[in-house]
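Here is the structure we will look at, set down as structure tokens.
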Amino acid sequence: MEETNMSSREHLLKAISVRLAATSSPEDRRSNIDSWLSMHSRNTIPARGKKSHAELVELFTTMLTMVQGSVIQVDSLQKVPEAISDYLEQNNLGEKVCLDEEAEQLGIPWRTDSNLEFVTWQAKRSISVGITACYGAVAETGSLVVCSSNTHAITMNFLSETNIVILDVRNLVGVYEEIWDRLRTASGMLLPRDLTLISSPSCTGDIEMVLEYGVHGPKRLHVIIVGSAVSEYEPAI
Amino acid sequence: MSDDKKVALFVTCLVDLFRPAIGFAAVELLEQAGFKVDVPLNQTCCGQPNYNSGDRSATRTVARGTIDLFADYDYVVIPSGSCGGMLKQQYPSLFDADDPMQKRAEQLSSRVYELSTFLMEKTTLKIAARCNKTVTYHDSCAGLREMGIREQPRELLQQVDELKLKEMNDSDVCCGFGGTFCVKYPDISNNMLENKIRNIKASEADCVVAGDLGCILNIEGKLHRNGEPIPVYHYAELLVNRTDARD
Amino acid sequence: MQVTSDQFVKVSDKALHDSKLQASMSFLGMGLSLRRKLAKEGLAEFDTLRDEARDIKDHVLQNLDVYLQSFEEKVEASGGHVHWASNAGEARDIVLTICQGVGARTVTKSKSMVTEEIELVPHLEAHGIQTVETDLGEYIIQLRNEKPSHIIAPAIHLNKNQIAETFFEHHSKIGFNEKLTERADLVAEARQILREKFLAADVGISGANFLVADSGTIVLVTNEGNAELTTGLPDTHIVVTGIEKIVPTFEDVSTFVRLLARSAVGMEISSYTSFITGPRRRDDRDGPTNFHIVLVDNGRSDMLGTEFQDMLRCIRCSACLNHCPVYLSVGGHAYGSVYSGPMGAVLTPQLSGIDKAGHLPNASTFCGRCEEVCPVRIPLPKLMRHWREKEFEKHLAPSALRRGIIVWGWLNRFPLLYRVAIAFAARFMHLFGSTKGEWMTNLPGIASGWTRHRDMKVSRSGSFMSQWKKRT
């Protein structure tokens, strides 16, 4: 197979370069893309994502709430277990939760300060309530940014019937581009295997175009924002 | 006021044959605006039927003839967004960049106006007409999307004494005419036309107004077939009180 | 790609008389055009983003060979494998070989139009690999053994009662014996059945909405979350995608993300947008260990440098379908191709030959709504016209019409003759009008298409030109 594969590759690339030969040489094209890729220049960024941090927190909440997500804000990590208990009680979801390792490590007094009952996460199992942390969030479309890692099984975000996500307010930004910049600064754009923008509970419009929630992924998406808006935040340009 | 400018009317084949009254209404409006109007006798169809049927070479020949014929006019005015679009938007794309005809097509293009746009942009004409009716305006596709005609005819119609303009739903959705489309795919065309008729009736207007004779013949023919006593006019006819003397 | 586009008139005739389909289509048209309009109005920068998206795609297409190699390098650096397929057959075989190599018995699949185009699922099934479509709409039509009727809402031609019947017919065999009537219950039942499939699958196959050249990342957009379960759970993930999906950077992808869902269904963003780069890292808690990307040409490179190149900008959003009065009249199946509506009318002739798909670019009024809403500003009517030109050159157009058009073109070359012909026609109408009244109700030949559904008012005044001559 290797051999036919190689020949298809060359065949295909040649077919393209022959077509493009009329307008440019391969060297031209190489330098065209090198300059484009090295610049990472931003295209137009919607004004709605360039606001004060307090306004962005509000925008994030509005956007996510509009599509059946729910959001609450607490002022410290200590308040998270109680907020979760309240949410579970209000929605009649029991007390059993599955805690992601990443969320476990946030410094939240999970075991000392709550009546939550923890079940162990097992790969490839459906779970009722999954509590996860996240990389950040983008206000312009009310999107959470979740990443796979050695402490986070990203499938947990999809196998949970209810996904509760804990968001450190400092990681909430206005627009997608700020997330890419943060990744570049933090790790030289060393990307996780899977970075997903989660912008609502799972939904489908495939039957008569009426939106139904909870088709394959979570039926409920609840975000707990920890902390207050940051005054020194500088909006994207 | 503008008598130093040479204005030609491009009649269009449909108006020439099926509804000359629209052509005369256009002339009347241009004359009211102070222009002397010339109608070159050697004009033909704009070539759109050939163009849209894939016959590019015949289209080019027709375009050359039209470009030659109208070369000396300051303005070429057309009572149709569709034929206007053909001369203004499509002619320049018919010729290769190195063909001298291309430049001439561009020159013609810059002088071509659809009637309502011309009246709004190049004249100070005040409409002197009366029509005690509620009318609904159908946006013809090519006029709307190739020529940007949306407000111009509506603003002109608003100047008609006693006329009430009432928008129908989906006024900007195709009526199903589409040139040869309506005879090639008559049943699909009819489905689109029936939707249009439904929206017209729901508007409860007394009559329909449009800016392209293709759409007018289509809508009018269907209303007649259905026994609906709702007449269909070109806006130019309303603007010169020609709603009775149709032919 | 097998197409049945030559049956366009027959199938569309049936569609026009199918009241359930007509109801679905009218709902689709009204709903989505309004939602897109609101989404567009909600984002002041929308049209600027469209210009930028067009320019980004044009830049990519003009440098495509180098971009593909750059993408390949990055994928391999991240531990993935890139395969190249010149045509559908090669693509199918590559996927099958990978599946067989890992001993796959069951495959879950998220939505991908390229896999429809290359008819992948029947190929895998024929080789004993059970392949389950997991997008709800795709799952429904897979049960019914139908083709998608819409590129993002494949089961849009069905109402919930039809879907309920299909579910009962198939699910009762596996212990779901209740006849359902509510949408929510249908969704819940599909969720329960497909969840087991996700958990058990050996291989997950997805498409890709975008391929980021800078990082070797594939971008997947869904609302259901099925793509994430398809790609994240099995040990092998295969991406099957077209070579035109390249976008240079994350910054550029952001622009497309802002356009896609708004153009498609009027949502601000889809529920899930996943950026997947390579296989599972050594210490990762989950993810596939094998990651393959199959880059499919299948006729795409033939469009480069031609009048059809603009079509390669298409991001499969479906806005052109949702706004096309012809699509909304006849539905997707009439097109006889997995690609329907205006984008299908341009793409299908390229993939299967204009001789087989001639109806598609002809069945358009060139109303221009498709171009008006296209997020990457593809001049769809112009491209359909180019197909008509090809058809005309090859003498494929229906002969009566072709003859008529040739005569008309010829007549227009001789203004004097033209004027005589018009005057003659006007004279005929005058005579007709004087004897039979002012409405023609039964025209012969090609014109019979007109009077099948409407009348034609005659003019009795003579032509404009003859009257004008008298005036001057």
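May I ask you to say which residue of B:Arg242, B:Arg198, B:Arg154 is more than 8 Å from chain C (Cβ to nearest Cβ), touching a Leu at 6+ places or on another chain (Cβ under 7 Å) and surrounded by fewer than 21 Cβ atoms within 10 Å (Cβ to Cβ)?
On inspection, the qualifying residue turns out to be B:Arg154.
Pairs needed: first member in the range A:135-159, under 28 Å from A:Pro235 (Cβ atoms) and more than 7 Å from every other protein chain (Cβ to nearest Cβ); second member anywhere, acidic (Asp, Glu) and open to solvent by 10 Å² or more (accessible area, probe 1.4 Å); C-beta distance under 6 Å; at least 6 residues apart or different chains.
Taking only residues 6 or more apart or on different chains, not a single pair turns up.
Select from the range A:165-195 the residues that are basic (Lys, Arg) and open to solvent by 10 Å² or more (accessible area, probe 1.4 Å) and write down the one among them that is farthest from the other protein chains (Cβ to nearest Cβ).
That would be A:Arg170.
Just checking, how many residues over the range B:45-64 are facing another protein chain (nearest Cβ under 7 Å) and either open to solvent by less than 10 Å² (accessible area, probe 1.4 Å) or at positive phi (or both)?
So the count comes out to 5.
Restricting to the range C:51-67, what's the tally of residues that are at the interface with another protein chain (Cβ under 7 Å from one of its Cβ atoms), assigned to a helix (DSSP H, G or I) and open to solvent by less than 20 Å² (accessible area, probe 1.4 Å)?
4
Hey, among A:Ser31, A:Ser70, A:Ser35, which residue is free of Cβ contacts under 8 Å to residues at least 60 places away in the same chain, farther than 23 Å from C:Trp84 by Cβ and more than 10 Å from chain C (Cβ to nearest Cβ)?
It is A:Ser35.
Here are some conditions: (1) more than 30 Å from A:Gly205 (Cβ to Cβ); (2) not assigned by TED's automatic domain parsing to the domain that holds C:Glu116. C:Arg281 meets all but one. Which one does it not meet?
Single failed check for C:Arg281: (2).
Can you tell me which of C:Arg419, C:Arg427, C:Arg402 is free of Cβ contacts under 8 Å to residues at least 24 places away in the same chain and either surrounded by fewer than 21 Cβ atoms within 10 Å (Cβ to Cβ) or assigned by TED's automatic domain parsing to the domain that holds C:Gly462 (or both)?
Going through C:Arg419, C:Arg427, C:Arg402 in turn, just one is free of Cβ contacts under 8 Å to residues at least 24 places away in the same chain and either surrounded by fewer than 21 Cβ atoms within 10 Å (Cβ to Cβ) or assigned by TED's automatic domain parsing to the domain that holds C:Gly462 (or both): C:Arg402.
Among (1) of a type in the set (Ser, Thr, Tyr); (2) facing chain B (nearest Cβ under 8 Å); (3) out of contact with any Pro (no Cβ under 9 Å at 6 or more places or on another chain), there is one condition C:Ser463 misses while meeting the rest; what is its number?
(3) is the only condition that C:Ser463 fails.
Scan A:Ala22, A:Ala83, A:Ala47 and give me the residue that is facing chain C (nearest Cβ under 9 Å) and at pLDDT 95 or above.
Selected residue: A:Ala47, the only one of A:Ala22, A:Ala83, A:Ala47 that is facing chain C (nearest Cβ under 9 Å) and at pLDDT 95 or above.
Quick check on the range C:171-196: of everything there that is open to solvent by 70 Å² or more (accessible area, probe 1.4 Å) and of a type in the set (Lys, Arg), which residue is farthest from C:Thr134 (Cα to Cα)?
By that ranking, first place goes to C:Lys179.
Among the listed residues C:Gly266, C:Gly278, identify the single one that is within 7 Å of another protein chain (Cβ to nearest Cβ) and in contact (Cβ under 8 Å) with a residue 60 or more places away in the chain.
Among C:Gly266, C:Gly278, only C:Gly278 is within 7 Å of another protein chain (Cβ to nearest Cβ) and in contact (Cβ under 8 Å) with a residue 60 or more places away in the chain.
Could you go through the range B:24-42 and let me know if any residue there is at pLDDT 95 or above, outside any loop (DSSP other than H, G, I, E, B), farther than 30 Å from C:Pro361 by Cα and among the small types (Gly, Ala, Ser).
Among the residues of the range B:24-42, at least one is at pLDDT 95 or above, outside any loop (DSSP other than H, G, I, E, B), farther than 30 Å from C:Pro361 by Cα and among the small types (Gly, Ala, Ser), which makes the answer yes.
For C:Val373, only one of the following conditions fails: (1) more than 23 Å from B:Ser140 (Cβ to Cβ); (2) more than 9 Å from every other protein chain (Cβ to nearest Cβ); (3) at pLDDT 95 or above. What is its number?
So C:Val373 meets the others, but not (1).
C:Glu251 - would you say it is under 20 Å from C:Ala153 (Cα atoms), at the interface with chain A (Cβ under 7 Å from one of its Cβ atoms) and surrounded by fewer than 22 Cβ atoms within 10 Å (Cβ to Cβ)?
The answer is no for C:Glu251.
Of C:Trp468, C:Trp450, which residue is closer than 29 Å to B:Asn190 by Cβ and at the interface with chain B (Cβ under 9 Å from one of its Cβ atoms)?
From the options C:Trp468, C:Trp450, the qualifying one is C:Trp450.
Is one or more of the residues making up the range C:299-311 open to solvent by 10 Å² or more (accessible area, probe 1.4 Å), touching a residue at least 40 places away in the same chain (Cβ under 8 Å) and among the aliphatic types (A, V, I, L, M)?
No, that holds for no residue.
Six or more apart or on different chains, Cβ atoms under 9 Å: show the pairs whose first residue is in the range C:178-190 and outside the structural domain of C:Phe167 (by TED's automatic domain parsing) and farther than 16 Å from A:Pro218 by Cα and whose second is open to solvent by 90 Å² or more (accessible area, probe 1.4 Å) and at pLDDT below 95.
none
Run B:Gln32 past the list (1) crowded, with 24+ Cβ neighbours inside 10 Å; (2) of a type outside the set (Phe, Trp, Tyr); (3) over 22 Å from B:Gly179 (Cβ atoms); (4) more than 13 Å from every other protein chain (Cβ to nearest Cβ) and report the number of the one that doesn't hold.
Of (1) crowded, with 24+ Cβ neighbours inside 10 Å; (2) of a type outside the set (Phe, Trp, Tyr); (3) over 22 Å from B:Gly179 (Cβ atoms); (4) more than 13 Å from every other protein chain (Cβ to nearest Cβ), only one is false for B:Gln32: (1).
Which one of the conditions (1) more than 11 Å from every other protein chain (Cβ to nearest Cβ); (2) of a type in the set (A, V, I, L, M, F, W, C); (3) free of Cβ contacts under 8 Å to residues at least 60 places away in the same chain; (4) closer than 19 Å to C:Ser78 by Cβ does C:Leu211 fail to meet, given that it meets all the rest?
Looking at each condition in turn, C:Leu211 falls short on (3).
Please determine whether any residue of the range C:287-296 is open to solvent by 10 Å² or more (accessible area, probe 1.4 Å) and part of a loop (DSSP other than H, G, I, E, B).
Yes, that holds for at least one residue.
Scanning for something at the interface with chain C (Cβ under 7 Å from one of its Cβ atoms), open to solvent by 10 Å² or more (accessible area, probe 1.4 Å) and within 19 Å of the chain's Cα centre (by Cα), does the range A:196-210 turn up at least one residue?
Checked the range A:196-210: no residue is at the interface with chain C (Cβ under 7 Å from one of its Cβ atoms), open to solvent by 10 Å² or more (accessible area, probe 1.4 Å) and within 19 Å of the chain's Cα centre (by Cα).
Open to solvent by less than 30 Å² (accessible area, probe 1.4 Å), within 12 Å of chain B (Cβ to nearest Cβ), touching an Asp or Glu at 6+ places or on another chain (Cβ under 8 Å) and more than 25 Å from C:Arg50 (Cα to Cα), is that true of C:Gly336?
no
Could you go through the range C:142-155 and let me know if any residue there is open to solvent by less than 40 Å² (accessible area, probe 1.4 Å), outside any helix (DSSP H, G or I) and closer than 30 Å to C:Asn63 by Cα.
Among the residues of the range C:142-155, at least one is open to solvent by less than 40 Å² (accessible area, probe 1.4 Å), outside any helix (DSSP H, G or I) and closer than 30 Å to C:Asn63 by Cα, which makes the answer yes.
Of all residues being within 23 Å of C:Ala400 (Cα to Cα) and open to solvent by 60 Å² or more (accessible area, probe 1.4 Å) in the range C:446-472, which is modelled with the highest pLDDT? Just the residue, please.
Looking at residues that are within 23 Å of C:Ala400 (Cα to Cα) and open to solvent by 60 Å² or more (accessible area, probe 1.4 Å), I get C:Arg452.
Would you be able to say whether some residue in the range A:73-91 is part of a loop (DSSP other than H, G, I, E, B), within 21 Å of the chain's Cα centre (by Cα) and crowded, with 20+ Cβ neighbours inside 10 Å?
Checking the range A:73-91: not a single residue is part of a loop (DSSP other than H, G, I, E, B), within 21 Å of the chain's Cα centre (by Cα) and crowded, with 20+ Cβ neighbours inside 10 Å.
Hey, any hits in the range A:213-224 for a residue that's surrounded by 18 or more Cβ atoms within 10 Å (Cβ to Cβ), hydroxyl-bearing (Ser, Thr, Tyr), over 18 Å from A:Ala137 (Cα atoms) and assigned by TED's automatic domain parsing to the domain that holds A:Ser160?
Yes: the range A:213-224 contains one or more residues that are surrounded by 18 or more Cβ atoms within 10 Å (Cβ to Cβ), hydroxyl-bearing (Ser, Thr, Tyr), over 18 Å from A:Ala137 (Cα atoms) and assigned by TED's automatic domain parsing to the domain that holds A:Ser160.
The values are calculated or read from the model by the stated rules, or taken from the named source; none is laboratory data. Worth saying up front: this structure is predicted, and the values here are computed from it rather than measured. Ideal geometry is used to build each Cβ from the backbone, glycine not excepted, and the neighbour counts take in all protein chains shown. Note: areas computed on protein heavy atoms with side chains; ligands, DNA, RNA excluded. Shrake-Rupley method; radii C 1.70, N 1.55, O 1.52, S 1.80 Å.
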